[in-house]
Amino acid sequence: MPWISRGLRGGILTSRYPAQADGYGERWAGTIRLRHAGGGEARDSTGLAVACPTQAIAVTGDGLELDRGRCVVCGRCVTLRPDLVELDHATEVGSLARGDLVVSTGEQGDEDACAPLGAPGAAPGSLPGDDLARLRASLELRTRALRRSVHVRHVDAGSDGSEEWEIAALTNPVYDVQRLGIFFTASPKHADVLLVTGAATAGMIGPLRQTYEAMPSPKVVIAAGTDAVSGGLLAGGYATDGGIGSILPVDVWIPGSPPSPFSLLHGILLAVCLLPAAPGRNRSHDTRPALVPHQPGDPSATQGSPS
Amino acid sequence: MSDLSSDGATSRELPLEDLAAAIGAAVRGGMRFAGLFAIPEPPGGTRLRAMLAEPGGLPSIDALVPPGHHSYPAITPSVPAAAWYEREIRDLYGLHPSDHPRPDPLVLPRPADYPPPRPGAGEALPPLTVDSSPLPAHLVGPGVFTIAYGPVRSGVFESVEYLVETPGEEIPHLRSRVYHKHRGMERRFEGMPPEDGVLMAERAEGVASVAHATAFCQAVEDIAGVSIPRQAALVRSLHGELERVANHLDSVLRHTEAAGQAVAYSRMSYHKERVMRLRADLCSHRFGRGVVLPGGVSGPPLLRPGELEGAIGELEGALRRDLELLMSTPSFLDRLRGTGVIRVEKAAAHGALGPVGRGSGQAEDVRRSRPYAAYAELPLRTHHRDEGDVLARQHVRVEEIFSALDLARHAAWALEDAGEPPDGAWASPVDPEASGESTGWAEAPQGEVLYLVRLHQGRLSRAKPRSASFHNFALFPDAFPKDILTDFAFIEASFGISIAGVAG
């Protein structure tokens with residue numbers, strides 16, 4: 001009996017996100033942002049690229065390029081060159097295209113410079129605005145039927161354990177995703193969304209594929225966390241793939257080590273096209289598409305669009 | 001602080017054939033078997049090192065497996081706690097422990113033509129493929145059937161495969177495989193400078209980032225002969241204690257979930273979220289990553305001392321009300337009492353760590369037996385019980401939540417009194433060319449974590465985390481024989497194991 005009154009004590013603890021911005025989303029850094037310093041300062045920034053433990057920063061001809069899908073937000077670059085990079089207090093860091101996680105201080109607004117998606121010589125993964133819109137429209141078509149009842153199956157494909165805590169937090173009274181019609185399910189046969197953490201260890205590739213195949217269509221795949229997006233610090237090891245992009249057709253990419261509950265919630269809403277139209281809440285300020293191709297041989301970069 | 005670990009007087013080298021007997025004698029003499037480590041010795045040899053804990057020290061016994069030898073006399077027959085270590089070394093180094101009672105693959109069922117990864121040897125490896133087909137059943141008999149559980153679990157859990165062989169309700173036989181999650185962590189450390197290595201350590205067992213980073217950095221600091229500023233030691237303790245509160249609350253809330261205590265589950269998960277937010281307020285990261293660096297910490301807590309104390313006080317008040325109610329709710333306690341018993345003798349023989357050990361009469365806490373960070377100056381209270389059941393482990397955790405909050409408060413006070421470190425340097429410089437070997441430790445929420453670290457001219461040539469999760473997991477099947485299927489979730493939650501920390 002005493003638990004009944006205990007449950008009522010404290011009133012409503014639940015966030016209003018996404019209908020309203022949540023201040024907590026801006027209290028700490030979800031990713032790194034490039035400052036728009038001129039090309040001159042960036043030229044002597046080779047040290048920055050060398051210092052990055054996951055090679056997320058590259059110096060290009062006319063500026064810096066940051067791959068948020070590789071970034072583990074250790075903040076070393078910010079300590080080293082606060083004039084060029086800064087912490088970004090945003091939680092809406094997920095994206096529909098792998099290439100969209102790559103941001104650059106190079107030429108701005110010059111989208112014509114991008115070859116059309118899939119054209120020979122096109123930057124793998126990087127998307128001009130039109131193609132991103134097309135991608136969103138096709139995803140919207142696929143997920144229209146799911147809207148009010150989205151069932152999520154989580155699979156750990158080699159995480160460090162912290163991602164599971166943040167996913168589990170989504171059901172606590174603060175995030176309470178059930179209010180949005182989002183539910184976690186045990187059976188892949190009931191699942192619409194596959195939420196995958198970890199860098200895809202050799203032992204989990206089989207179970208991961210089986211889970212995906214057991215899901216009914218339409219199905220949506222989310223790579224949750226930097227490890228799942230690119231392998232993070234584990235990329236290049238003998239026992240892991242560079243993320244899950246070479247194994248499954250990923251629809252939404254959420255960087256973060258681990259991604260915060262708000263980043264995960266945003267990613268799930270993005271996957272089922274449930275985000276309100278009004279942009280700009282908890283939003284990263286630097287989401288222009290990349291103008292520079294990925295490093296060749298990065299398997300995760302080639303999985304920009306759903307199959 | 002860790003002068004005993006690298007002190008030549010406390011480690012000795014024996015001929016390989018005497019190793020098992022010497023470890024057996026040490027354990028019978030009252031020392032705790034703390035782990036068996038393999039270190040490649042060029043060209044092609046492998047050093048086996050047993051670490052043995054005694055109050056105030058961590059002496060070791062070494063023996064060399066010469067190049068070309070692929071087996072050695074097993075230690076497990078004289079010290080059963082070595083069983084998993086020997087299986088791991090067999091998988092990772094291709095060294096067969098002869099006379100091992102059960103040398104099945106543990107970490108990695110490699111294809112026959114795949115070379116042993118040999119962490120520390122620096123040889124290039126092709127990408128691994130493994131056969132992840134389900135385990136075959138061991139038990140046969142009328143009415144006995146097998147429940148395969150995992151690796152993809154029902155619910156948001158880390159991947160692990162359990163095979164429950166049961167005639168209906170009892171669990172006479174439980175087997176597990178953890179290698180699905182094997183990430184090859186040890187090899188990824190190699191070649192990194194310590195400042196990158198600490199990022200790896202934070203992810204070796206992601207829910208205990210601070211403890212792992214602390215243990216790793218202590219080993220590096222010992223090699224480089226660096227002492228950290230007192231303020232940095234206090235910050236490490238502060239974050240380490242909040243990490244303990246979060247992990248213990250996670251265990252408590254999983255108990256409430258398993259018992260179907262919906263309101264208690266809601267309240268506990270809300271409190272855990274508050275702890276995670278407090279941690280983020282202190283350092284901009286919900287898991288305290290980026291705080292501990294080789295030589296010290298990245299800086300002071302981001303909250304002012306008054307705010308921090310206020311936040312801790314508020315949390316403590318709310319937790320005390322809800323945990324006192326929970327620990328007097330009979331429908332909850334009935335599920336815990338007498339469930340998943342690890343007897344005191346069993347825990348002592350295995351050297352059970354952390355709350356699992358302390359729930360079964362093993363009082364040791366590394367914060368007291370080998371003080372690190374600022375624990376020598378903080379008022380530490382430790383708790384242990386003798387019942388050995390899920391309830392005893394839960395009691396230990398609840399008591400530790402409050403003592404951890406108290407320690408965090410004392411660390412905050414001491415930080416306020418101490419002011420800025422000399423010259424504003426929160427980390428002492430570490431020689432970028434340091435070479436040597438040492439072992440670091442910390443009391444993670446799961447129990448004692450050890451780091452064996454070798455540096456060669458400022459680069460890691462070997463880094464081996466040994467989590468309490470790995471050590472305790474071998475005891476997990478022993479908790480089942482008297483219990484039934486519906487107890488599984490309680491026993492699992494009460495062990496509080498992170499699979500990432502087991503699989504490496």
Entirely in region B:462-504, the helices (runs of 4 or more DSSP H) that have 1 or more residues that are polar (S, T, N, Q) and within 14 Å of another protein chain (Cβ to nearest Cβ): B:468-473
Condition check for B:V430: among the β-branched types (V, I, T) and open to solvent by less than 20 Å² (accessible area, probe 1.4 Å): no
Test result for B:R87, farther than 17 Å from B:G45 by Cα, assigned to a helix (DSSP H, G or I) and not assigned by TED's automatic domain parsing to the domain that holds B:A348: yes
Unmet criterion (only one of (1) touching a residue at least 24 places away in the same chain (Cβ under 8 Å); (2) within 20 Å of B:G122 (Cα to Cα); (3) in contact with a strand residue (DSSP E or B) (Cβ under 7 Å, 6 or more places away or on another chain)) for B:E17: (2)
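A quick yes/no check of all residues on (1) over 21 Å from A:G237 (Cα atoms); (2) more than 10 Å from chain A (Cβ to nearest Cβ); (3) touching a Lys or Arg at 6+ places or on another chain (Cβ under 9 Å):
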position	(1), (2), (3)
B:R110	no, no, no
B:G120	no, yes, yes
B:A124	no, no, no
B:S133	yes, no, no
B:A137	yes, yes, no
B:Y149	yes, yes, no
B:V156	yes, no, no
Positions within region B:139-165 being touching a Gly at 6+ places or on another chain (Cβ under 9 Å) and not hydrophobic (A, V, I, L, M, F, W, C), in sequence order: B:G143, B:P151, B:E158, B:S159, B:E161, B:Y162
Of all residues making up region B:364-401, the number that are open to solvent by 10 Å² or more (accessible area, probe 1.4 Å), assigned to a helix (DSSP H, G or I) and touching a strand residue (DSSP E or B) at 6+ places or on another chain (Cβ under 8 Å): 1
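Among the candidates B:A404, B:A408, B:A414, B:A418, single out the residue that is surrounded by fewer than 18 Cβ atoms within 10 Å (Cβ to Cβ) and touching a helix residue (DSSP H, G or I) at 6+ places or on another chain (Cβ under 6 Å).
Working: B:A404 fails: surrounded by fewer than 18 Cβ atoms within 10 Å (Cβ to Cβ); B:A408 fails: surrounded by fewer than 18 Cβ atoms within 10 Å (Cβ to Cβ); B:A414 fails: surrounded by fewer than 18 Cβ atoms within 10 Å (Cβ to Cβ).
Unique residue meeting the criteria: B:A418.
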Of the criteria (1) over 13 Å from A:T54 (Cα atoms); (2) away from chain B (no Cβ under 11 Å), which one A:P261 fails: (2)
Every residue from region A:31-57 that is touching a Gly at 6+ places or on another chain (Cβ under 9 Å) and at pLDDT 85 or above: A:T31, A:I32, A:L34, A:T54, A:A56
Failed condition for B:R254, given (1) closer than 30 Å to B:R337 by Cα; (2) surrounded by fewer than 23 Cβ atoms within 10 Å (Cβ to Cβ); (3) modelled with pLDDT of 95 or more; (4) more than 21 Å from the chain's Cα centre (by Cα): (4)
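Find the residue count for region A:71-87, including only residues that are more than 10 Å from chain B (Cβ to nearest Cβ), part of a loop (DSSP other than H, G, I, E, B) and open to solvent by less than 40 Å² (accessible area, probe 1.4 Å).
Selection size over region A:71-87: 2.
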Filtered residues of region B:270-292 (kept if open to solvent by less than 10 Å² (accessible area, probe 1.4 Å) and at the interface with another protein chain (Cβ under 9 Å from one of its Cβ atoms)): B:E273, B:M276, B:A280, B:R286, B:F287
Residue check, B:H138 surrounded by 16 or more Cβ atoms within 10 Å (Cβ to Cβ) and not acidic (D, E): no
Residue count, region B:41-73 (criterion: surrounded by fewer than 18 Cβ atoms within 10 Å (Cβ to Cβ) and basic (K, R)): 1
So B:E158, is it buried (at least 20 other Cβ atoms within 10 Å of the Cβ) and in contact with a strand residue (DSSP E or B) (Cβ under 6 Å, 6 or more places away or on another chain): yes
All helices (runs of 4 or more DSSP H) inside region A:177-276 with 3 or more residues being open to solvent by 10 Å² or more (accessible area, probe 1.4 Å): A:202-214
Residue within region A:168-175 that is facing chain B (nearest Cβ under 7 Å), under 18 Å from the mean Cα position of the chain (by Cα) and either of a type in the set (G, A, S) or buried (at least 20 other Cβ atoms within 10 Å of the Cβ) (or both) present: yes
Selected residue [farther than 25 Å from B:L52 by Cα and either touching a Cys at 6+ places or on another chain (Cβ under 8 Å) or not hydrophobic (A, V, I, L, M, F, W, C) (or both)] from B:R87, B:R102, B:R118, B:R110: B:R110
Checklist (1) modelled with pLDDT of 95 or more; (2) more than 24 Å from the chain's Cα centre (by Cα); (3) assigned to a loop (DSSP other than H, G, I, E, B) applied to B:P43, failing item: (1)
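Output yes when any residue across region B:293-307 is part of a helix (DSSP H, G or I), assigned by TED's automatic domain parsing to the domain that holds B:E221, hydrophobic (A, V, I, L, M, F, W, C) and open to solvent by less than 10 Å² (accessible area, probe 1.4 Å), and no when none is.
no
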Selected residue [over 23 Å from B:P422 (Cβ atoms) and more than 9 Å from chain A (Cβ to nearest Cβ)] from B:G260, B:G295: B:G260
Identity of the residue in region A:142-167, hydroxyl-bearing (S, T, Y) and in a loop (DSSP other than H, G, I, E, B), that ends up least open to solvent (accessible area, probe 1.4 Å): A:S159
Residues being open to solvent by 10 Å² or more (accessible area, probe 1.4 Å) and either in contact with a Lys or Arg (Cβ under 7 Å, 6 or more places away or on another chain) or within 9 Å of chain A (Cβ to nearest Cβ) (or both) - total across region B:161-177: 1
Selection status of B:G338, assigned to a loop (DSSP other than H, G, I, E, B), more than 20 Å from the chain's Cα centre (by Cα) and at positive phi: yes
Which numbered condition A:S217 fails, given (1) at pLDDT 90 or above; (2) more than 21 Å from A:D88 (Cβ to Cβ): (1)
Hits in region A:140-167 - residues which are more than 8 Å from every other protein chain (Cβ to nearest Cβ) and either out of contact with any Ser or Thr (no Cβ under 9 Å at 6 or more places or on another chain) or over 30 Å from A:T201 (Cβ atoms) (or both): A:E140, A:L141, A:T143, A:R144, A:A145, A:L146, A:R147, A:R148, A:S149
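Residues checked against (1) more than 19 Å from the chain's Cα centre (by Cα); (2) open to solvent by 40 Å² or more (accessible area, probe 1.4 Å); (3) closer than 24 Å to B:E221 by Cβ:
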| residue | (1), (2), (3) |
| --- | --- |
| B:S11 | yes, yes, yes |
| B:A22 | yes, no, no |
| B:I39 | yes, no, yes |
| B:I75 | yes, no, no |
| B:A81 | no, no, no |
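The values are calculated or read from the model by the stated rules, or taken from the named source; none is laboratory data. Just so we're clear, the structure is a prediction, and the values are computed from it rather than from any experiment. For neighbour counting, all protein chains shown are included, and Cβ atoms are generated from backbone atoms with ideal geometry for every residue, glycine included. With ligands, DNA and RNA removed, areas are computed over all heavy atoms of the protein, side chains included. Shrake-Rupley method; radii C 1.70, N 1.55, O 1.52, S 1.80 Å.
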